[in-house]
Amino acid sequence: MPATLSSSDSSDRSPELRSPLLTPTRKIAGEPESEKLCIDDMLQKYCGQFGPWQMRHFVLTSLAWALEAFHTMVMIFADREPDWRCLGGAAGSGCDVTASTVCGLEPGSWEWTGGLGSSTVAEWGLVCAEKYKVGLAQALFFGGCMIGAGIFGHLSDSFLGRKGSLTVVCILNTIFGCLTAFSPNYWTYVLLRLLTGFSTGGVGLCAFVLATEPVGPTKRGTAGMSTFYFFSTGIAILSGIAYIFPQWRELYIASSIPSLLFLLAVLPFVSESPRWYLVRGRITEAMKLMRAIAKSNNKHLPEGVVLALDEEANNDSPTTNEEDQTYKELLDSKDAISGSLIDVVKLPMTRMRLFLAVAINFLCSVVYYGLSLNVVNLETNLYINVLLNAVAEMPAFTITAVLLDKYGRKPLAIGTLWFSGVFCFAGSFVGNAGVWKVVKMVCGILGIFGMAGTYNLLFIYTTELFPTVVRNAALGCATQAAQMGAILSPFVVVLGGGLPFAVFAVCGIAGGVLAFYLPETLNKPLYDTMAGMEDGEGACRSVN
């Protein structure tokens with residue numbers, strides 16, 4: 001038994017002695033109280049939502065989108081079927097100058113206009129019975145993208161981080177892209193395109209999340225929508241590169257070198273995401289970066305402000321500097337908070353969001369890539385056609401970005417999906433003769449216009465639907481679904497006639513219906529943890 005105290009001992013005890021196991025929390029006179037803030041609140045209140053720091057970081061990071069455009073769209077030029085001519089310039093033995101294809105012509109009676117090195121089709125004879133190999137190479141590239149999006153989506157949420165993952169995929173793209181130029185045969189070429197797709201699948205999603213996470217909530221939508229300008233610009237630049245380097249081997253090297261330049265000249269000036277630092281338990285690096293953001297934006301971040309996870313920032317009770325220091329030490333020593341798709345599936349709220357995001361991304365991709373292939377197949381100058389297609393998408397990005405913060409993500413997603421679906425539906429009834437051919441082309445262009453806006457919107461929308469610990473994993477899963485749609489779209493185009501437009505119409509309208517079940521994320525915070533999202537969304541529902 002513990003010894004008893006006399007009455008005199010009891011009367012002399014100080015308050016501290018009466019609670020020997022509790023740390024004293026007396027506030028020293030003049031000591032400022034600190035406040036716990038999540039990153040969104042800190043950006044809004046002290047650091048600036050989109051100042052000079054965010055602008056520089058956004059531009060540098062988003063340049064990676066042009067690299068993705070190079071590695072993805074290079075197949076349009078490298079795998080094209082070039083023009084051919086009869087030897088001697090006239091109808092020679094076994095050669096018919098009026099023939100639409102070389103199928104059936106006698107070997108040796110014709111030649112490719114640009115020589116065997118003008119494309120993979122010319123070099124390896126991928127025509128007639130071998131034509132399916134062109135589509136196979138394209139499908140396997142997108143298959144690699146699908147695998148890479150899932151793997152790098154997980155790695156960028158875990159130990160590798162957003163910047164680390166972007167660094168790795170750029171290294172791999174440089175290596176695989178340059179090696180493709182030295183492919184000795186078709187099957188080696190296909191393998192290297194598969195590997196290039198694997199690394200390319202992680203470029204866009206890592207760059208997108210890294211570029212938008214340091215942006216404040218009211219500016220994030222417009223910033224996120226602007227990333228696709230870099231992708232379209234990359235396609236436009238690629239058409240110029242392809243014109244300068246008409247030989248497919250030279251083109252692969254020329255389109256891969258920019259990945260190396262990005263690694264050496266751009267990535268050293270890009271910062272890791274403060275949100276990733278925070279959920280990984282690296283509070284010191286996160287606070288250092290937030291102070292750098294505030295300083296660059298001509299703002300002041302007070303010493304008493306404490307960066308916290310959203311679930312911890314909900315505790316509004318003031319703390320002293322001594323308690324604040326203890327909190328930061330505890331947070332620095334905490335294990336990193338991690339998450340996976342399993343966690344997303346376990347929570348009913350995020351499970352439904354993931355299902356809807358996957359389905360809508362898949363449907364959108366079928367329409368976007370399908371309509372793009374239809375436009376590319378028009379009998380016009382290939383370089384000019386690709387350039388015009390890239391430029392035509394930009395107004396869709398601009399209009400969507402302007403309307404995004406005014407009408408919200410959900411109404412805009414529904415509107416753009418249905419806009420595209422309606423014009424595709426109209427195009428399915430239009431013939432391919434006379435003036436109707438022009439009308440059908442206009443329906444296709446307007447369909448691409450609407451779907452380009454949707455494709456852009458879905459990135460920012462999907463990003464806002466999930467917390468930091470699983471954001472890239474969820475976005476990677478949605479991107480995988482989009483790549484699956486890209487794989488299937490060429491087979492839809494092969495149907496011919498009005499059937500492709502009918503399929504695209506059904507996909508667009510169905511995607512709009514599914515978007516009805518998504519929550520609105522306009523001006524909502526980017527949650528850090530699953531628990532924080534559950535608490536925050538639960539509080540919103542109880543208020544409503």
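Just checking, which of T222, T200, T227, T196 is open to solvent by 30 Å² or more (accessible area, probe 1.4 Å), out of contact with any strand residue (DSSP E or B) (no Cβ under 9 Å at 6 or more places or on another chain) and of a type in the set (S, T, Y)? First the steps, then the outcome.
Details: T200 fails: open to solvent by 30 Å² or more (accessible area, probe 1.4 Å); T227 fails: open to solvent by 30 Å² or more (accessible area, probe 1.4 Å); T196 fails: open to solvent by 30 Å² or more (accessible area, probe 1.4 Å).
It is T222.
Please work out which residue is nearest to G450 (Cα to Cα), limiting yourself to the range 393-414 and to residues that are hydroxyl-bearing (S, T, Y) and within 18 Å of the chain's Cα centre (by Cα).
Keep residues of the range 393-414 that are hydroxyl-bearing (S, T, Y), which gives 398, 400, 407.
Filter once more, keeping what is within 18 Å of the chain's Cα centre (by Cα): 398, 400.
Details: T398: 12, T400: 9 Å.
Applying the filter and picking the extreme gives T400.
So which residues in the range 460-489 are part of a helix (DSSP H, G or I), more than 16 Å from C145 (Cα to Cα) and either open to solvent by 20 Å² or more (accessible area, probe 1.4 Å) or of a type outside the set (K, R) (or both), if there are any at all? First the steps, then the outcome.
Restricting attention to the range 460-489, the residues satisfying the condition of being part of a helix (DSSP H, G or I) are 460-465, 468-489.
Remaining after also requiring more than 16 Å from C145 (Cα to Cα): 460-465, 468-471.
Residues satisfying the conditions are I460, Y461, T462, T463, E464, L465, T468, V469, V470.
Would you point out the residue of the range 217-235, among those that are at pLDDT below 90 and of a type in the set (G, A, S), that is nearest to G51 (Cα to Cα)?
Result: A223.
Kindly evaluate S183 against the criterion of being open to solvent by less than 10 Å² (accessible area, probe 1.4 Å), of a type outside the set (K, R) and in a helix (DSSP H, G or I).
Values: open to solvent by less than 10 Å² (accessible area, probe 1.4 Å): yes; of a type outside the set (K, R): yes; in a helix (DSSP H, G or I): no.
It is false that S183 is open to solvent by less than 10 Å² (accessible area, probe 1.4 Å), of a type outside the set (K, R) and in a helix (DSSP H, G or I).
Sort through M75, M55 and tell me the only one that's open to solvent by 50 Å² or more (accessible area, probe 1.4 Å) and modelled with pLDDT of 85 or more.
Values: M75 fails: open to solvent by 50 Å² or more (accessible area, probe 1.4 Å).
Selected residue: M55, the only one of M75, M55 that is open to solvent by 50 Å² or more (accessible area, probe 1.4 Å) and modelled with pLDDT of 85 or more.
Is it the case that G421 is more than 29 Å from E534 (Cα to Cα), touching a residue at least 60 places away in the same chain (Cβ under 8 Å) and in a helix (DSSP H, G or I)? Full working, then the answer.
Values: more than 29 Å from E534 (Cα to Cα): yes; touching a residue at least 60 places away in the same chain (Cβ under 8 Å): yes; in a helix (DSSP H, G or I): yes.
When the stated conditions are applied, G421 passes them.
Condition check ((1) modelled with pLDDT of 50 or more; (2) buried (at least 20 other Cβ atoms within 10 Å of the Cβ)) across all residues:
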{"residue": "R13", "(1), (2)": "no, no"}
{"residue": "L17", "(1), (2)": "no, no"}
{"residue": "L22", "(1), (2)": "no, no"}
{"residue": "T25", "(1), (2)": "no, no"}
{"residue": "E33", "(1), (2)": "yes, no"}
{"residue": "A64", "(1), (2)": "yes, yes"}
{"residue": "A69", "(1), (2)": "yes, yes"}
{"residue": "P82", "(1), (2)": "yes, no"}
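Give me the pairs, please: first residue somewhere in the range 228-248 and over 16 Å from M75 (Cα atoms), second residue anywhere and at pLDDT below 90 and among the aromatic types (F, W, Y), beta-carbon distance under 9 Å, and either six or more positions apart or on two chains.
F228/F397; F228/Y455; F228/F459; Y229/F397
Given the range 235-297, what helices (runs of 4 or more DSSP H) lie entirely inside it while holding 2 or more residues that are closer than 17 Å to D40 by Cα? I'd like the intermediate steps shown before the answer.
On the way: elements: 248-265, 274-279, 283-296.
In the range 235-297, the matching helices (runs of 4 or more DSSP H) lie at 274-279, 283-296.
Taking P302 as the residue in question, decide whether it is touching a strand residue (DSSP E or B) at 6+ places or on another chain (Cβ under 9 Å) and open to solvent by 10 Å² or more (accessible area, probe 1.4 Å).
Working: touching a strand residue (DSSP E or B) at 6+ places or on another chain (Cβ under 9 Å): yes; open to solvent by 10 Å² or more (accessible area, probe 1.4 Å): yes.
When the stated conditions are applied, P302 passes them.
The values are calculated or read from the model by the stated rules, or taken from the named source; none is laboratory data. What you see is a predicted model, and the numbers here were worked out from it, not measured in a lab. All Cβ positions, glycine included, derive from the backbone under ideal geometry; neighbour counts span all protein chains shown. All accessible areas refer to the heavy atoms of the entire protein, side chains included, with ligands and DNA or RNA removed. Shrake-Rupley method; radii C 1.70, N 1.55, O 1.52, S 1.80 Å.
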